[in-house]
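K.L.:
Dropping a structure here in structure tokens format, bear with me for questions.
The values are calculated or read from the model by the stated rules, or taken from the named source; none is laboratory data. No experiment lies behind these values; they were computed from the predicted model shown. Quick reminder, even Gly has a Cβ in these numbers, built from the backbone with ideal geometry, and neighbours come from all protein chains shown. Keep in mind that these areas ignore ligands, DNA and RNA; they rest on the heavy atoms of the full protein, side chains included. Shrake-Rupley method; radii C 1.70, N 1.55, O 1.52, S 1.80 Å.
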Amino acid sequence: FYTNYGLDSNATMHELFKKRSNNFTRGLYTNHIMFEAVIPYWEMEDGVLKKLELLPVELGFGEPRSTGGWPKPVGNIEFVDRLIEMSKPYGTSMKFEEGVIKVL
């Protein structure tokens with residue numbers, strides 16, 4: 001992998017990703033969707049899922065590299081709406097309330 005980008009094994013992962021993404025100007029680092037995630041919380045009883053909630057978070061798209069990746073509560077409700085819509089074809093119903101996605 002390193003050889004493909006003209007680097008040797010002493011290069012850091014940061015150097016590799018910087019080279020691969022043309023100084024972070026193309027690829028995953030340029031798409032805000034790649035910085036949206038959820039943190040799951042679930043409860044089980046006798047091996048059966050009883051509760052599933054998802055905390056939507058943003059991972060710092062457009063922020064300095066030193067703070068990118070730190071999860072923060074989502075500020076973009078479009079992310080939540082998109083996730084709920086994408087889940088419907090799989091028979092998954094969700095609702096968003098009090099900052100948490102509740103899987104019904």
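K.L.:
Go through the range 1-39 residue by residue and tally those that are open to solvent by less than 60 Å² (accessible area, probe 1.4 Å) and in a helix (DSSP H, G or I).
P.N.:
The total comes to 3.
K.L.:
Among the residues of the range 45-104, count how many are assigned to a strand (DSSP E or B), open to solvent by 90 Å² or more (accessible area, probe 1.4 Å), closer than 20 Å to ASN31 by Cα and among the basic types (Lys, Arg).
P.N.:
0
K.L.:
Of the residues THR67, THR92, which is at pLDDT 95 or above and polar (S, T, N, Q)?
P.N.:
Going through THR67, THR92 in turn, just one is at pLDDT 95 or above and polar (S, T, N, Q): THR92.
K.L.:
Give me the pairs: first residue in the range 80-100 and under 15 Å from LEU52 (Cα atoms), second residue exposed (fewer than 10 other Cβ atoms within 10 Å of the Cβ), beta-carbon distance under 6 Å, and six or more apart or on different chains, which are they?
P.N.:
SER93/LEU104
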